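These notes concern the structure reproduced below.
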Amino acid sequence: MSVSASAENLSTEAQSCDGGSMCLELALEGERLCKAGDCRAGVAFFQAAIQAGTDDLRTLSAIYSQLGNAYFYLGDYNKAMQYHKHDLTLARTMNDKLGEAKASGNLGNTLKVMGKFSEAIQCCKRHLEISRSLGDRLSEGRALYNLGNVYHAQGKQLGRVGQNDPGHFPQEVRDCLMQAVAYYEENLELMRSLGDRQAMGRACGNLGNTCYLLGDFTRAIKYHTERLRIAQEVGDRAAERRANSNLGNSHIFLGQFENAAEHYKRTLALAEDLGDAAVEAQACYSLGNTYTLLREYRIAEEYHARHLSAARRLQDRVGEGRACWSLGNAHAALGNHEKALYYAKEHYNISKELGDVLGMATAQMNIGDLCKVLGLPAEQTPAPPDDAPAPRTPFNALRVRRQSMEQLSLIQITPDSKKKDGENISRGESDEGDPSEFIELVARCQSDRMDEQRASLDKNKENRPKLQRSASNGKNQSNEAKPSLAQFVSLWFHTQLADPQI
């Protein structure tokens, strides 16, 4: 219940004292400030409104609800939980069923981001129960969506422990993800019947993400394609960019590299149009790796060079290390061994700075192999090539995860949230898979393939390992996740960074 909605139902007689009138005025200003994005100032006005006092429980309930929302957006989940509980208590006291439903939903969302999933599920189910009893289909849709979010988040948190690949989680995790799919699908069908295209798009994005985690990449593509179509229809370019990125990732796991490249190109173009340098860097990186899989090494080198320049502008040291590693591989494949050695040394230096032991070991092996090919002693390093990017900007802070990834919100435990009718509507997923988990998954799978990669540095090109790509005929695609992943990573990463977040 929003303050403004409450105000519409209040008569001047209800505010019988100066304190009540002052309370309402302060609360309305607090709501205005929160809508304008200044939640801290809004909180101050809401707190002042409580101090002014009011005898009208509807106004007080609305203030508690807005305070809970404001603290949620500020990341103070304990206070958000406290005020949503106050709101819920008042709604029950007034026998306000719709208010109880909304307060239950808000409390459930807050408990979810706090990792209290059992309590969150209980609150969201109460939200769903009341909404259905009232015949409020919009509220029912929000409850279904929020339940999907809770099970999705619970599954991801459980999945972090084992660090499994998509489609290979323990049954406990799969059960949570399948529950999420069931609720998202109910939400999607309800939103279809109501003609709410925006809500349909969000549901499709989340369904695509969940199917991806379950290893059902063909089904993930189906939902992300619909998400893309809706985003284009409503002119949501950010959602369009996310859908293309997710489609690229899903096609990669099916070995459909040409399709993946097309979606990554669209991701890059949209990121450039939106002025999102971090996403632009990530798209260049993905394109470089995809063209490596297609054995178009010259194009791969161009994209990796763009990624390196972007990482340096972002002062993203982990990104720089990955770009140098990739550039070294690309130049080695092109026979440019001097350039490959330069980038291998850069990779080693960055890995050493970041304390990345596996990255250092990988770089040392590559340096040794390249020196043998060039007939150089292992300690000798050639001067930087003429077309090498300018020296990096100083970096003073240790980064164990890419800045360009942290600025994305593909599959984060703490989601973005959106206020609608005064209600804290958790968007759950931002319709996109987490690039850090995707890239680190690749790194993890590649870490045991070092010997095969080293063989590619042999001067005799006939001895280089061939990338075998199976034809994707659309049958049993979800069962082919492991072979496709092995193909995907065979020329991708040697490095293994921080623990992936699933």
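The values are calculated or read from the model by the stated rules, or taken from the named source; none is laboratory data. Values in this document were obtained by computation on a predicted structure and should not be read as measured data. We work out accessible area using only protein heavy atoms, side chains counted, and drop any ligands, DNA or RNA first. Shrake-Rupley method; radii C 1.70, N 1.55, O 1.52, S 1.80 Å.
With the cut-off at 1.5 for a/c, could you classify region 292-381 from its C-alpha gyration tensor as rounded, prolate or oblate? Numbers along the way, then the final one.
Values: a/c = 2.00, a/b = 1.09, b/c = 1.84.
Taking the square roots of the gyration eigenvalues as a ≥ b ≥ c, region 292-381 is oblate.
Tell me, what ³J(HN,Hα) does each residue in region 256-266 have, in order and in whole Hz, if you take phi through Karplus 6.51 cos²θ - 1.76 cosθ + 1.60 with θ = phi - 60° and put x for Gly and Pro?
Going residue by residue, I get 9, 5, 5, 5, 4, 4, 4, 5, 5, 5, 5 Hz, with x marking Gly and Pro.
Of all accessible surface on region 171-239 at a 1.4 Å probe, what whole percent is carbon and sulfur?
Solvent-exposed carbon and sulfur of region 171-239 make up 47 percent of the total.
Starting at the first residue of region 58-67, write each ³J(HN,Hα) from the Karplus equation 6.51 cos²θ - 1.76 cosθ + 1.60 with θ = phi - 60°, in whole Hz, x for Gly and Pro.
5, 5, 5, 4, 5, 5, 4, 4, 5, 4
Full extension from GLU296 to ARG92: what is 0.36 nm times the residue separation minus their Cα-Cα distance, to one decimal in nm?
Working it through step by step, the gained length comes to 67.0 nm.
How large is the accessible surface per residue of region 239-376, computed with a 1.4 Å probe and reported in Å² as a whole number?
30 Å²
Over region 292-381, with every protein chain in place, what whole percent of the accessible area is carbon and sulfur at 1.4 Å, could you tell me?
Ligands and nucleic acids excluded, carbon and sulfur reach 50 percent.
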